[in-house]
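A quick write-up on the structure given underneath.
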Amino acid sequence: YYINLNVGTPAQTLGVQFDTGSNILWLPTQQAGVKPCFNTLNSSTFTNTSTQGNVQYADGSGVAGTFGTDILSITGTPIHITAQFLWVTQDSGMGFPPQVAGLVGMG
């Protein structure tokens with residue numbers, strides 16, 4: 001299952017898959033070299049925290065990048081929140097379908 005998430009200003013819409021086993025939101029960025037991705041340079045509200053992070057999954061896949069903050073909203077709702085997420089610059093074997101760019105942890 002996935003939802004469309006609006007990220008940044010102006011909003012960039014990306015599909016994110018639900019993950020019940022983690023508590024982190026991560027999105028690939030232009031530095032990861034994948035499409036679709038979140039372009040940090042195109043968002044006037046993006047803030048880079050310069051804190052490095054990574055996530056490793058049981059199947060051996062994982063992501064690494066830097067934490068940042070930006071405005072998020074679920075497509076179709078007027079609620080906007082500022083949230084911290086991992087903007088991914090390295091991806092190892094995630095293999096999402098084309099409509100999904102990242103992952104939102106529900107844990």
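With protein chains left intact and a 1.4 Å probe, residues in the chain average 54 Å² of accessible area per residue.
Taking label positions 7 Å along the Cα-Cβ direction at both Asn39 and Asp59, the computed distance is 3.0 nm, reported to one decimal. The radius of gyration of the Cα set in the chain, together with its Dmax, comes out at 12.6, 37 angstrom. Just the protein heavy atoms count here, and of the accessible area of the chain at 1.4 Å, carbon and sulfur take up 54 percent.
The values are calculated or read from the model by the stated rules, or taken from the named source; none is laboratory data. Since we're looking at a predicted model, the values are computed, not measured. With ideal geometry, Cβ positions are generated from the backbone for all residues, glycine too; neighbour counts draw on all protein chains shown. Keep in mind that these areas ignore ligands, DNA and RNA; they rest on the heavy atoms of the full protein, side chains included. Shrake-Rupley method; radii C 1.70, N 1.55, O 1.52, S 1.80 Å.
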